[in-house]
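See structure below.
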Amino acid sequence: MKKLFLFLAAFSFLAVSSVRAEVYGFDKAHSQIGFAVRHILSPVHGEFKDYDGTIHFDPKKPEDARINVTIQTASISTDNEMRDHHLQSPDFFDAATYPTITFKSTKVTTVSDNKYSVEGNLTMHGVTKSVTLDVDYMGADVMMGAPIAGFSATTKIDRRDFGLTWNKTLESGNVMVGNDVTITLDIALMSKAGLEKMKAMMSKPKAAPAEAPKAN
């Protein structure tokens, strides 16, 4: 009985600690910053593979959340090398001139339970525009002793608002690239302290496997 009580007490402590105010970073192994845009008649999906940021979040005070994210423009990937090079070129993102895309939140509003509206400034291709993310809070927990949290978010932008205007009109009258871009974020967060601990663990050299005993 005493052991059961201690177990329940420890579990309760972890549950409480998992919903406290925390400074988070991205658990990139379980996150994706993705997008979709129409190519002639069908959508093409892609993602940015290199990004970092800091999220201050307290589920008891979501309106106080602060979000800062920096994406490396050249990390764009649509699983097609030729297309990715074109997207990195001056025709589109011009990654050499504008190496980063940034988002900084300006206002967080609770819409309903675990649903938020996040307004912020998106800077891309040298242009800053206000965008609004529809955010679902997936909950909080503890992994490897570190607080974690999950979110999904979507928004839609017109790429022309950011100076991304390249296009071609086909003989049919259809254009090669649509203007509306749907952005989808599936985000796993871990406390900054937890990420540093994990990084230190991963950087430790692995012990060489023991040699099998030689037969006589």
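The values are calculated or read from the model by the stated rules, or taken from the named source; none is laboratory data. This is a predicted model, so every value here is computed, not measured. As a convention, Cβ positions derive from the backbone with ideal geometry for all residues, glycine included, and neighbour counts pool all protein chains shown.
Out of the stretch 165-181, which residues are surrounded by fewer than 12 Cβ atoms within 10 Å (Cβ to Cβ) and either aliphatic (A, V, I, L, M) or closer than 22 Å to Gly34 by Cβ (or both)?
Leu170
Before we move on, is Lys107 at pLDDT below 95 and closer than 21 Å to Asp136 by Cβ?
Against the criterion (at pLDDT below 95 and closer than 21 Å to Asp136 by Cβ), Lys107 does not qualify.
Tell me yes or no: at least one residue of the stretch 133-145 is touching an Asp or Glu at 6+ places or on another chain (Cβ under 7 Å), crowded, with 19+ Cβ neighbours inside 10 Å and not charged (D, E, K, R). Before the answer, list the steps.
First, the residues of the stretch 133-145 that are touching an Asp or Glu at 6+ places or on another chain (Cβ under 7 Å): none.
So far as the stretch 133-145 goes, no, none of its residues is touching an Asp or Glu at 6+ places or on another chain (Cβ under 7 Å), crowded, with 19+ Cβ neighbours inside 10 Å and not charged (D, E, K, R).
Among the listed residues Lys197, Lys129, identify the single one that is under 25 Å from Asp50 (Cβ atoms) and either assigned to a strand (DSSP E or B) or modelled with pLDDT of 95 or more (or both). Don't jump to the end; show me each part of the working.
Details: Lys197 fails: either assigned to a strand (DSSP E or B) or modelled with pLDDT of 95 or more (or both).
When all the criteria are applied, what remains is Lys129.
Right, Ser112: within 22 Å of Gly163 (Cβ to Cβ) and of a type outside the set (D, E, K, R) or not?
Values: within 22 Å of Gly163 (Cβ to Cβ): no; of a type outside the set (D, E, K, R): yes.
Here the answer is no, as Ser112 does not meet what is asked.
If you take the residues in the stretch 30-58 that are touching a residue at least 24 places away in the same chain (Cβ under 8 Å) and small (Gly, Ala, Ser), which one is nearest to Ile101 (Cα to Cα)?
Gly53
Which condition does Asp64 not pass, out of (1) under 17 Å from Met190 (Cα atoms); (2) modelled with pLDDT of 95 or more, if it passes all the others?
With (1) under 17 Å from Met190 (Cα atoms); (2) modelled with pLDDT of 95 or more applied to Asp64, the lone miss is (1).
Filter the stretch 106-132 for residues that are among the hydrophobic types (A, V, I, L, M, F, W, C) and touching a Gly at 6+ places or on another chain (Cβ under 7 Å); which is nearest to Val69 (Cα to Cα)?
First, pick out the residues of the stretch 106-132 that are among the hydrophobic types (A, V, I, L, M, F, W, C): 108, 111, 118, 122, 124, 127, 131.
Checking which are touching a Gly at 6+ places or on another chain (Cβ under 7 Å) leaves us with 127, 131.
On the way: Val127: 16, Val131: 14 Å.
Among them, the one singled out is Val131.
Out of the residues in the stretch 44-99 that are under 29 Å from Pro147 (Cα atoms) and of a type in the set (Phe, Trp, Tyr), which is surrounded by the fewest Cβ atoms within 10 Å (Cβ to Cβ)?
Once the filter is applied, the top-ranked residue is Phe48.
Taking into account only those residues within the stretch 118-127 that are touching a strand residue (DSSP E or B) at 6+ places or on another chain (Cβ under 7 Å), surrounded by 14 or more Cβ atoms within 10 Å (Cβ to Cβ) and not hydrophobic (A, V, I, L, M, F, W, C), which is farthest from Asp161 (Cα to Cα)?
Residues of the stretch 118-127 that are touching a strand residue (DSSP E or B) at 6+ places or on another chain (Cβ under 7 Å), as a first pass: 118-124.
When the remaining residues are screened for being surrounded by 14 or more Cβ atoms within 10 Å (Cβ to Cβ), the result is 118, 120, 122-124.
Keeping just the survivors that are not hydrophobic (A, V, I, L, M, F, W, C) gives 120, 123.
Numbers: Gly120: 15, Thr123: 11 Å.
The selected residue is Gly120.
Ala188: at pLDDT 95 or above, touching a helix residue (DSSP H, G or I) at 6+ places or on another chain (Cβ under 7 Å) and more than 23 Å from Ala74 (Cβ to Cβ), yes or no? Steps first, answer last, please.
Working: at pLDDT 95 or above: yes; touching a helix residue (DSSP H, G or I) at 6+ places or on another chain (Cβ under 7 Å): yes; more than 23 Å from Ala74 (Cβ to Cβ): yes.
It is true that Ala188 is at pLDDT 95 or above, touching a helix residue (DSSP H, G or I) at 6+ places or on another chain (Cβ under 7 Å) and more than 23 Å from Ala74 (Cβ to Cβ).
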